Amino acid sequence: MTEAVNGEIGVAVLGLGNVGSQVVRIIEESATDLAARVGAPLRVRGIGVRRVGADRGVPAELLTDNIEELVSRADVDIVVELMGPVEPARKAILAALEQGKSVITANKALLAVSAGELAQAAEHAHVDLYFEAAVAGAIPVIRPLTQSLAGDTVLRVAGIVNGTTNYILSEMDSTGADYASALADASALGYAEADPTADVEGHDAAAKAAILASIAFHTRVSADDVYCEGITKVSPTDFVSARALGCTIKLLAICERLTGADGQQRVSARVYPALVPLDHPLAAVNGAFNAVVVEAEAAGRLMFYGQGAGGSPTASAVMGDLVMAARNRVQGGRGPRESKYAKLPVAPIGDISTRYYVNMNVADRPGVLSAVAAEFAKHEVSIAEVRQEGMVDEGGQRCGARIVVVTHRATDAALSETVAALAGLEVVQSINSVLRMEGTTE
Ligand code: NAP
């Protein structure tokens, strides 16, 4: 561990973008309060960027594009990594940890693939590695899971952890817009990035699910372990059907502890759009907001809600970590280390049991419903509800029917086999969508 120089805690901030600029601002504007809370002043020693020459609103002498040199400085005690994506952030963080600096990062993409490697480096150097801002922006969820619930058994963590997709789905629900125009709105308002792939395909939420599952279940879960479906195929028709069923549609990240009949435990981490009943707390989370519901054996259900992104909210979470790490430097000691003792296996998606909504177009003639129902029965998927609507073509002629089937709980494997068999039936014209249903009591 490095020694504080001049009784100050030296901080290197890597990145001066949305989040980094807010962190630097708060360190400057709240210097007196922060010094009192930490027990020593926080001093920004340097700021790593790509474009050093531009007028960046900070003293020019602090800016550098030499990240390697900045994290190696003897007067830097804590490195705050806010550059993203995986590289060069990984290299910079490892270099910092190896040289005894504590590290704060908001980089979920990096943590989802390299958390173990980074935790090991922090362990080896006896320093802190904190990442509250990597999941759900300003919302405290990492610290409650690692500290407040350290004595409880977490059963489930389910949440809306991606503001872009939540904005798009909320728009589709409230205006009837299709996916493409809701995405265009999100981009125009700055809620979606120029390349929205990581958000709309669910990869960003999957990275966060990996982080949440790892800490909730004391097991290393990486992004590759997370089953992931995005929102690009969700249609206005799905929202109409969802409303008729008393539901809305949300992109959920779900981390679950599964206990088999033999008592063996496994974990599941998955991301997909799902029907959620309108009276479920997550159904009321709209726009770019995030929420995480944690269920623990003794605590019961806890809900965390707030701004899941944005420079200032995310900087709040980073600052909380920075004060903790700085206090540890002043007082001695370290925060919680990585806890991976449980080493639970990850269950494949085929073993996961949920309810389903299947929307299909069928021929409009007698016997169709019983043929469809027979396929569900053959694969032991029990039907809870069926709705049928006649469809008319542009000339007003009847041209088939749309059937919506809602099932009781079934495994993903059984449902997939059912859908494959339905697609092969002569009376089924198209399977329009298959979505899971979460948050119901049945
Ligand atoms: P951003 O606005 O794109 O800023 C990135 C900053 O990093 C820029 O200042 C950039 O320098 C610098 N940078 C990038 N690559 C660099 C390199 N190779 N060498 C030196 N500097 C480099 O990003 P952000 O939105 O602040 O996000 C930062 C991190 O926080 C990411 O890991 C992100 O996933 C995470 N995060 C963001 C949010 C959010 O709401 N924005 C929420 C949660 C987590 P220049 O300015 O010179 O280009």
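The values are calculated or read from the model by the stated rules, or taken from the named source; none is laboratory data. Predicted, not measured: the structure shown is a model, and the values here were computed from it. Positions of Cβ are backbone-derived with ideal geometry, glycine not excepted, and every protein chain shown enters the neighbour counts. These area figures cover heavy atoms from the full protein model, side chains too; ligands, DNA and RNA do not enter into them. Shrake-Rupley method; radii C 1.70, N 1.55, O 1.52, S 1.80 Å.
Assorted remarks:
- Folded to 0 to 90 degrees: helix 18-29 orientation relative to the chain principal axis, Cα: 40
- With N the number of residues in region 24-125, Rg(Cα) / (2.2 N^0.38 Å) evaluates to 1.11.
- Intensity falloff of the chain expressed as log10 I(q)/I(0), Debye formula with alpha-carbon point scatterers, at q = 0.07 Å⁻¹: -0.40
- In the chain, the calculated helix contribution to ellipticity at 222 nm averages -10500 deg cm²/dmol per residue, counting -39,500 (n - 2.57) for every DSSP H run with n ≥ 4.
- For the chain, the longest principal axis of the Cα atoms and the long axis of helix 368-378 meet at an angle of about 60 degrees.
- Among the protein heavy atoms, those of Asp33 account for about 80 Å² of accessible surface (1.4 Å probe, every chain in place).
- Of the solvent-accessible surface of the chain, computed with a 1.4 Å probe over protein heavy atoms with every protein chain present, carbon and sulfur atoms account for 50 percent.
- When only alpha carbons are used to place a centre, region 201-257 and region 365-442 end up 23 Å from one another.
- Among the lysines of the chain, pairs that are 8 or more positions apart or on different chains and have alpha carbons within less than 18 Å of each other number 6.
- Ordering Leu251, Ala210, Ser222 by Cα displacement along the dipole of region 209-274 toward the positive end leaves Leu251 in first place; charges were set at the Cβ atoms of Lys, Arg (+1) and Asp, Glu (-1).
- For the chain, the longest principal axis of the alpha carbon atoms and the long axis of helix 412-423 meet at an angle near 40°.
- Gain on full extension, evaluated as 0.36 nm per residue between Ala194 and Ala31 minus their Cα-Cα distance, stands at 55.1 nm.
- For His218, the solvent-accessible surface with a 1.4 Å probe is about 40 Å², rounded to the nearest 10.
- Cα-projected label distance for Asn6 with Glu426, points at 7 Å along beta-carbon direction, nm: 8.7
- Anisotropy class of region 232-289 from Cα gyration tensor, a/c 1.5 cut: prolate
- A straight line joining the Cα centroids of region 273-347 and region 35-102 runs 25 Å.
- Accessible surface, the chain, averaged per residue in Å² (probe 1.4 Å): 43
- Beta bridges per DSSP, both residues in the chain: antiparallel share near 70 percent.
- Low-density loop cleavage sites - GluC sites (Glu not before Pro) in region 1-105, where at most 10 other Cβ are within 10 Å (DSSP): Glu3
- Full extension of the chain between His126 and Asp178 gives 13.6 nm of extra length, using 0.36 nm per residue less the Cα-Cα distance.
- Among Asp364, Asp195, Asp225: highest mean-square fluctuation, GNM of the chain, C-alpha pairs under 10 Å: Asp195
- Solvent-accessible surface (1.4 angstrom probe) belonging to Met83, in square angstrom, nearest 10: 60
- Overall form of region 1-79 per C-alpha gyration tensor (a/c, 1.5; a/b vs b/c): oblate
- Charging the Cβ of each Asp and Glu at -1 and of each Lys and Arg at +1, and nothing else, the dipole of region 375-442 about its Cα centre rounds to 80 debye.
- Its residue count N sets the reference 2.2 N^0.38 Å, and the alpha-carbon radius of gyration of region 176-287 equals 1.21 times that reference.
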